[in-house]
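These notes are about the structure you will find just below.
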Amino acid sequence: MQAPTPLRPQTFRPVYRGQLAWRNGRWHQAERNGRFGWWWDVGGFWYFYPEQTEGPPDYVSDVEVAVADDTPAAPPPPPPQPKQAFYYHPGDLKGVPYATIEECTKARERAGDVGVCVYE
């Protein structure tokens, strides 16, 4: 295995966060801030390059995206509403809610086995 080429400190802009972090970065082919291509990921900061190289790039790109700059993830969906059973007597469009289908079935039986129970 060939020894890594020493980094030239003068090539790094003030945003540079350390040689160890730079060397331990990872390549990703992705779209960031509307720009698709190769990105060098250094602990939450992504640097754009026209092509992937073997190992870390030898200069810091002028195009930097911080994780905080990314489009935020969509919020998680709200928890599902608990399901209920509804008894619909003939002609009733609203229905009567019950906690379980068993309770609804008993209500339907008390009504003379007419109508329908729906679990929603």
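Throughout, read-outs are computed from the coordinates displayed, never taken from laboratory work. For clarity, every value in this text was computed on a predicted model and none was experimentally measured. Here Cβ is always computed from backbone atoms with ideal geometry, including for glycine, and neighbour counts include all displayed protein chains.
Results, tabulated for the structure shown:
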item	result
Per-residue HN-Hα couplings for segment 30-38 [Karplus 6.51, -1.76, 1.60; θ = phi - 60°; Hz; x = Gly/Pro]	7, 10, 9, 6, x, 10, 9, x, 8
Positive-end residue of Pro77, Val96, Asn33, charge dipole of segment 33-120 with Cβ unit charges	Val96
Sequence-separation-based contact order of segment 25-120, relative, with Cα cut under 8 Å and 6+ spacing, percent	18 percent
Approximate spin-label separation Lys94-Asp113, in nm, with each point projected 7 Å along Cα-to-Cβ	2.9 nm
Gained length - Glu54 relative to Gln29, 0.36 nm times residue gap less alpha-carbon distance	7.6 nm
